[in-house]
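Everything below concerns the one structure shown next.
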Amino acid sequence: MRVYIPRQLNFRIPIIALKPLLAMAFLLISPNIVAYRLSGNIKDSDGNTIPYVSVYINKTTYGVSSNIKGDYFIELDNGNYEIVFSMIGYEKKIVPITIFQKNEILNITLLPSVSQLNEVTITTEKEDPAYAIIRKALGAKSNFRELSDNYTCNAYIKSSLEKEYIKKIKKDSLQEEEEKKLTKERMNFIESFATVYFSAPNSLKEIKEAYKDLADKSTHNNFTISFYDDKDKPKQAAVNLNLFKTSIADAEFNFYDNLIANPTLLSSPLVSPLNNATFLSYRFKLEEYFWEDNVWVNKIKVTPRRTDAALFSGHIYIVDSIWCIKAVDLEIDKSVLTHFNYFRLFQKYSQLNNNKWALTKEEFFYNTKEGKATMIGSTYIQYSNYNLNPVFKKNFFNNELSVITDNAYDKDTSYWNSKRPITLKEEEQKFIATTDSIDTYYKSPKYLAMQDSLTNKIYWYEFLGGVSFENSFKKQDWYIDGMINNTLFGIFGVGGYRQRLAGNYTKEFKKGYKLTIGTALHYGFTNNDLKGDASVSYTYLPKKFGRIHTKYSNDYGFVNGYESFANILSMSNIVNNVGYDIGNEIEIFNGAYLDVTAEYTEVNTITNLKYSSWSNDAFGSNNQGAAFPDFTKFALEFTLKYTPAQKFYTEPYKKIVIGSKYPTFAVAYKKGIPNILKSISNYEFIELRVWDTWKFGSFGESKWKVYTGKFLNSKSLLFTENKFFRRSDNYFFSDPLRSFQLLDTSLNTTNEYFQVHYLHRFNGKILNKIPLLKKLKLMEVAGAGFLAINKNNFQHAEVYGGIEKPININKWKLRFKIGTYYVVSKSAHADVSGMLKFGIDIFDSFRGAWGY
């Protein structure tokens, strides 16, 4: 029995596809499916739809909710039922229904409840019986936290996403354009069948023998700001953030644990209703007591004592005498959700033959905004065929959490009909029928040309952000950078306005091989000079991130590429570089990445250039190119990065990195080699970087990064090859994991140095307890930094504290934080000083992480 939400879609299916589509439709309603659908819409007395109504079978633990449109979908076997419709502020309605070999439609009208709207609370000395039940459940939970030391089971997962326009909008506008697009623009669908292996305390592996992925991976925004070093960026693949839990390892809701952490839902861990200190967080009320599956079940209402907190509300079902969980039906307050606007989960536990209780079903209902559309999502998971205490081979469990076998994508309709334990929604049936039955047609040049014609249709606003042209048949893509980037670059160009043109070409081959060619050219009208670069990279070993890359450049570069905003564009920080580099990066073993690059560069001064008037006005007498003899350098750079116990997923020709509980270590070694191609550089430099994130439950999380390095020799080291440190900007709060906030001079060294950065976000732990402030959803942050340079025995230390405000702009798929901070510092050459600063941190949805 399951609840889903039907919706009518208009599909434009080619004539060639109608015959196989009808055959597919017949298969979808074949006798293998024994359940029938009860569906309908729920409205109030004025005809307005009511979202999120609880819909459940009376005297059972099975229940779901209507979606944001008031639609519901429930799967029932033949029989007689009492369907309960319940919503705060409305009279509960119980409707008898008989299901007999056909689908039924039941539309419901709920009337306002005067008693609930004008509720009077009467308190007594007598404690509600629910509290005694919860105490017994707390005492027994150690018996049920883990099913057994080892087990295996099968897991079927279906995740579905629909794009809906809830409010009416004008004809010939966005909705009409959306309806012209192909079905994946309106629906996403992922389905899998896997075997799950578990060994206590937390070893998990999921092997998917069947996988159907009809999801859009381009939901992330392209507008991100990150201060990561290129070589420090995690190796991650694009994901669809609007789909929740498409793999077992993605999220776990074990209500026997005190805290349930899930960063994709909210920044703070959720407090379980069976937390050891639960009575400080929740109120409980026994609502009813009924017989189901040969046990007596207590239905207990769970109410959080505080709103706007990481707490659940809803119902928990406890088995009498045994005191284990039979089911949960819980929501999370939308005010604490980070990505979703609504999130509700259902779990059902069943008793196995040996009296063990196992999780057999999970359902998640969620939605979020995307521009004018609402993304309505649901995930259904069924666990079956439990095998307790199997014997696993030695080293069976490793850091590979999930595997999609190479032939998992090849499963046909008959296979899915035999494995699929549910009835799909009508839209899902049509979507699957369309994509499966005309699969051959979809791969044909005619179809791909039609698809490309839709994708390649250009709208005026795309010229601002960037224009792409796809050829799906040849698996190639052209991209031209937009006017915004080109214009900003041109305005702040060296020597005055520079007209820029940039773009790239990508070609994908079989088994994940990929070629990328990029170029950027810009012409300066003041000095009549053409500058730019061109790069080529080829991915030759996708599962090992094996990539060879090369680049030619005749362009202006920075002496200090991480200088302050106030000084980075000063001509004193600009040089002209002409040269080449070639390199190779690869994962040599899990978590260990090696990048080797050879670089040849001719470095020239720009003292003979005409400078722009704006730069003269901005930088005054400092706006002069650095005076030094032109020179040539040849260098080799080796960067080794290692993350112990790196967790990952494996797909055909792809590896997806999840993360690790250990820090990441990186060692960079660079050697300038003289007498090669007239190179005069002769030095050796080494740097060690270590960074990690620590989570402290409901008290937030800390991030830290440590740098230390030195020049092993500096026999011939030019000023531009020194180690530089970022000078701070007035009032602007820069990345605190890479820079300092009150370092008021530009520092460089050829000696040893040590720097450490620490940042802790409390995630509203303090401010969210203050009645008036908690409505603002402010978040506290604090941190510190320290720098020591052996040269002149220089030391600098600073501490800071601040408040950040998260902001979501769904229309642009943009999520960021604005912050106000106060910084206090003390250095070897300056007294204690302080300053108020302001900053912005933008969420990179491609990596699923903040910039810092």
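When you check residue 276 against the structure, is it part of a loop (DSSP other than H, G, I, E, B), over 18 Å from residue 135 (Cβ atoms) and more than 30 Å from the chain's Cα centre (by Cα), yes or no? No.
Residues in region 196-225 that are at pLDDT below 65 and under 15 Å from the mean Cα position of the chain (by Cα): how many?
Adding up the residues that qualify gives 8.
Annotation note: Cβ proximity below 6 Å between a residue of region 244-261 that is modelled with pLDDT of 90 or more and a residue that is open to solvent by 60 Å² or more (accessible area, probe 1.4 Å) and outside any helix (DSSP H, G or I) (sequence gap 6+ or interchain) occurs for 256/145; 258/276.
Whether any residue in region 419-434 is open to solvent by less than 50 Å² (accessible area, probe 1.4 Å) and modelled with pLDDT of 85 or more is what I want to check. Checked region 419-434: at least one residue is open to solvent by less than 50 Å² (accessible area, probe 1.4 Å) and modelled with pLDDT of 85 or more.
The set of residues in region 695-728 being charged (D, E, K, R), crowded, with 18+ Cβ neighbours inside 10 Å and more than 13 Å from residue 784 (Cα to Cα) consists of 701, 710, 721, 723, 726, 727. Of the residues making up region 380-424, those that are more than 22 Å from residue 243 (Cβ to Cβ) and among the polar types (S, T, N, Q) are 384, 385, 387, 389, 395, 398, 399, 407, 413, 414, 417, 418.
You will find that of 777, 769, the residue that is surrounded by fewer than 14 Cβ atoms within 10 Å (Cβ to Cβ), within 24 Å of residue 701 (Cα to Cα) and modelled with pLDDT under 90 is 769 and no other. Taking the criterion of being assigned to a strand (DSSP E or B), of a type outside the set (D, E, K, R) and open to solvent by 10 Å² or more (accessible area, probe 1.4 Å), the residues of region 294-310 that qualify are 295, 296, 303, 304.
Residues checked against (1) among the charged types (D, E, K, R); (2) modelled with pLDDT of 85 or more; (3) farther than 30 Å from residue 623 by Cα; (4) not in a helix (DSSP H, G or I):
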{"residue": "484", "(1), (2), (3), (4)": "no, no, no, no"}
{"residue": "490", "(1), (2), (3), (4)": "no, no, no, no"}
{"residue": "494", "(1), (2), (3), (4)": "no, yes, no, yes"}
{"residue": "503", "(1), (2), (3), (4)": "no, yes, yes, yes"}
{"residue": "506", "(1), (2), (3), (4)": "no, yes, yes, yes"}
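The selection criterion, being among the aliphatic types (A, V, I, L, M), touching a Lys or Arg at 6+ places or on another chain (Cβ under 7 Å) and either under 28 Å from residue 606 (Cα atoms) or crowded, with 21+ Cβ neighbours inside 10 Å (or both), holds for residue 743.
The number of residues in region 479-527 being buried (at least 17 other Cβ atoms within 10 Å of the Cβ) and in contact with a helix residue (DSSP H, G or I) (Cβ under 6 Å, 6 or more places away or on another chain) comes to 4. For residue 402, the conditions (1) of a type outside the set (Phe, Trp, Tyr); (2) buried (at least 22 other Cβ atoms within 10 Å of the Cβ); (3) closer than 30 Å to residue 590 by Cβ; (4) out of contact with any helix residue (DSSP H, G or I) (no Cβ under 7 Å at 6 or more places or on another chain) are fulfilled apart from (4). Looking across 531, 511, 543, one residue alone is outside any helix (DSSP H, G or I), touching a residue at least 12 places away in the same chain (Cβ under 8 Å) and basic (Lys, Arg). It is 531. Could you check, for region 637-659, whether at least one of its residues is at pLDDT 95 or above, more than 29 Å from the chain's Cα centre (by Cα) and on the phi < 0 side of the Ramachandran plot? Taking every residue of region 637-659 in turn, at least one turns out to be at pLDDT 95 or above, more than 29 Å from the chain's Cα centre (by Cα) and on the phi < 0 side of the Ramachandran plot. Residue 803 passes every criterion in (1) open to solvent by less than 30 Å² (accessible area, probe 1.4 Å); (2) under 21 Å from residue 310 (Cα atoms); (3) at pLDDT 90 or above apart from (1). With respect to the conditions (1) modelled with pLDDT of 85 or more; (2) closer than 21 Å to residue 367 by Cα, residue 5 falls short on a single one, namely (1). Of the numbered criteria (1) aliphatic (A, V, I, L, M); (2) open to solvent by less than 20 Å² (accessible area, probe 1.4 Å); (3) under 23 Å from residue 490 (Cβ atoms), the one residue 530 fails is (2). If you go through region 259-292 and keep only what is within 15 Å of residue 141 (Cα to Cα) and surrounded by fewer than 17 Cβ atoms within 10 Å (Cβ to Cβ), you end up with 259, 276, 277.
For region 311-330, filtering for residues that are on the phi < 0 side of the Ramachandran plot, in contact (Cβ under 8 Å) with a residue 24 or more places away in the chain and open to solvent by 20 Å² or more (accessible area, probe 1.4 Å) leaves 3. Filtering region 613-661 to residues that are part of a loop (DSSP other than H, G, I, E, B) and open to solvent by 50 Å² or more (accessible area, probe 1.4 Å) leaves 624, 627, 629, 630, 653, 661. Inspect region 812-826 for any residue being touching a residue at least 40 places away in the same chain (Cβ under 8 Å) and open to solvent by 70 Å² or more (accessible area, probe 1.4 Å) and give the result as yes or no. Yes - at least one qualifying residue is present in region 812-826.
Scanning region 161-195 for residues that are under 21 Å from residue 377 (Cβ atoms), at pLDDT 90 or above and not acidic (Asp, Glu) yields a count of 4.
Just a yes or no: is a residue in region 674-681 open to solvent by less than 30 Å² (accessible area, probe 1.4 Å), among the hydroxyl-bearing types (Ser, Thr, Tyr) and in contact (Cβ under 8 Å) with a residue 60 or more places away in the chain? There is at least one residue in region 674-681 that is open to solvent by less than 30 Å² (accessible area, probe 1.4 Å), among the hydroxyl-bearing types (Ser, Thr, Tyr) and in contact (Cβ under 8 Å) with a residue 60 or more places away in the chain.
Matching residues to (1) open to solvent by 50 Å² or more (accessible area, probe 1.4 Å); (2) under 27 Å from residue 273 (Cα atoms):
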{"site": "340", "(1), (2)": "no, yes"}
{"site": "355", "(1), (2)": "yes, yes"}
{"site": "393", "(1), (2)": "yes, no"}
{"site": "413", "(1), (2)": "no, no"}
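Would you check which residues across region 417-431 are within 25 Å of residue 251 (Cβ to Cβ) and in contact with a helix residue (DSSP H, G or I) (Cβ under 8 Å, 6 or more places away or on another chain) and list them? Result: 424, 431. From the list 42, 50, 74, the lone residue that is modelled with pLDDT of 85 or more, out of contact with any helix residue (DSSP H, G or I) (no Cβ under 9 Å at 6 or more places or on another chain), surrounded by 12 or more Cβ atoms within 10 Å (Cβ to Cβ) and within 19 Å of residue 100 (Cβ to Cβ) is 74.
The values are calculated or read from the model by the stated rules, or taken from the named source; none is laboratory data. Treat the numbers as computed from the prediction; the structure is a model and nothing was measured. Positions of Cβ are generated from backbone atoms using ideal geometry, with glycine treated the same way; all protein chains shown enter the neighbour counts. SASA here: full protein model, heavy atoms, side chains in, ligands and nucleic acids out. Shrake-Rupley method; radii C 1.70, N 1.55, O 1.52, S 1.80 Å.
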